[in-house]
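Participant: Have a look at this one before I ask anything.
Computed from the coordinates by the stated procedures, all read-outs in this text should not be read as laboratory data. Given the structure is predicted, the values throughout are model-derived calculations rather than measurements. Please note: Cβ atoms are built from the backbone with ideal geometry, for glycine as well, and neighbour counts cover all protein chains shown.
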Amino acid sequence: MDTKFKSAALNEDRRIIVELPPGYNDSTQRRYPILILLHGYGGCKDPDPEWEDWGIIDDLTLLITQGTIQPMIVALPDGFMADCQPSYWFNHGPGTDGKKWGDYVSSDVVNFLDANYRTVKKKESRAIGGYSLGGQGALELSLLHPDIFKVVGAHSPSFRGADGSIAFINDW
């Protein structure tokens, strides 16, 4: 994609990578839909998240360049707490640090993108997806915020039980 902002900070402890589509810098008028991709459990490494390692960004760039898909802004938020412990993208949960990681995505990330990039500021132009714990987070956030996300994709999502717990979350 045109431009990468590695480890841009939303605040003191939350990072995000923003990938801009080919041609983004060619016009100051065009607005773009956004795709937020939530990483899985194994995404805690610098400098590149697993989505980039797997070639997803390169594939999106190719599809945009070929005209197969429309240009979009892709956001890769970091959902790890201290010591690479996953937040599971929840506002709550066993073993979490008490921070509202779900709100971080649905509010902080979306507002950051809308404030700093030429986005289409409506739910019809926002998609969220993820794999494993990110797939679960994408499903949960899309169901909790149908006013924010129109499209959701979940790849091999992990799921909590009906009682709200998973025995192995943050319990080695």
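Participant: Order of 149-156, 111-118 by packing, highest average Cβ count within 10 Å first?
Facilitator: Result, highest mean Cβ count within 10 Å first: 149-156, 111-118.
Participant: Take the Cα atoms of region 28-141, build their convex hull, and give its volume per residue in Å³.
Facilitator: Dividing the Cα hull volume of region 28-141 by its residue count gives 116 Å³.
Participant: Would you mind putting 55-66, 124-135 in packing order, based on average other-beta-carbon counts within 10 Å, highest first?
Facilitator: Descending mean neighbour count gives 124-135, 55-66.
Participant: Using amide H atoms built in the peptide plane, which far-off residues or other-chain residues are under 5 Å from Met81 H to H?
Facilitator: Ser87
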